[in-house]
Structures are given as C-alpha cells and as structure tokens.
Amino acid sequence: MKKILLGALVCAAVAGVVYYIYDSESFKETVDDLKDKADDALSKVKDRFGKKQEEFADAM
C-alpha cells in the first residue's frame, strides 16, 4: 500500500514539473488561484471559529 501511495505521489510531482516546464505562465496562474481559494477557506474557518468562541463566551 505504501508503495502505491509513494508511486502516485512521485507521478504527481513529475506531472507538476512537466506542466511547469511546458507552460510556466499557466502554472503560476493556477497556483495563485489555488492560494486565493485556500486563503478564502481559511478566512471562513476563522470567522466561524470566532463566532463560536463568542457564543461560548456569552453562554458562560
């Protein structure tokens, strides 16, 4: 099982490198888009956590 997962990880890494070499501009746009989505998701989680923390503090 570990060998299969390691093989998949290596294949994904190689595919990423090939994609970067082939079209670096598109690769950078894709990575920037993923970073923006990750930042948005983190902001939503922080907001929800903050609201729950306030509700808990008010309940005490």
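Laid out as a table, the results:
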{"quantity": "CD proxy at 222 nm, helix term only [per DSSP H run n ≥ 4: -39500 (n - 2.57); per residue of the chain; nearest 500]", "calculated": "-34000 deg cm²/dmol"}
{"quantity": "Computed FRET value (nearest 0.05) for Phe27 with Leu5, which takes r as the C-beta separation and R₀ as 25 Å", "calculated": "0.55"}
{"quantity": "Percent accessible area from carbon and sulfur atoms, the chain, protein chains only, probe 1.4 Å", "calculated": "64"}
{"quantity": "Under-19-angstrom lysine pairs by C-alpha in the chain, whenever the two are 8 or more apart or on separate chains", "calculated": "5"}
{"quantity": "Whole-Å semi-axes of segment 1-59's equivalent ellipsoid (Cα gyration tensor)", "calculated": "38, 19, 4"}
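The values are calculated or read from the model by the stated rules, or taken from the named source; none is laboratory data. Every value quoted in this text rests on a predicted model; they were computed, and no experiment measured them. For neighbour counting, all protein chains shown are included, and Cβ atoms are generated from backbone atoms with ideal geometry for every residue, glycine included. SASA here: full protein model, heavy atoms, side chains in, ligands and nucleic acids out. Shrake-Rupley method; radii C 1.70, N 1.55, O 1.52, S 1.80 Å.
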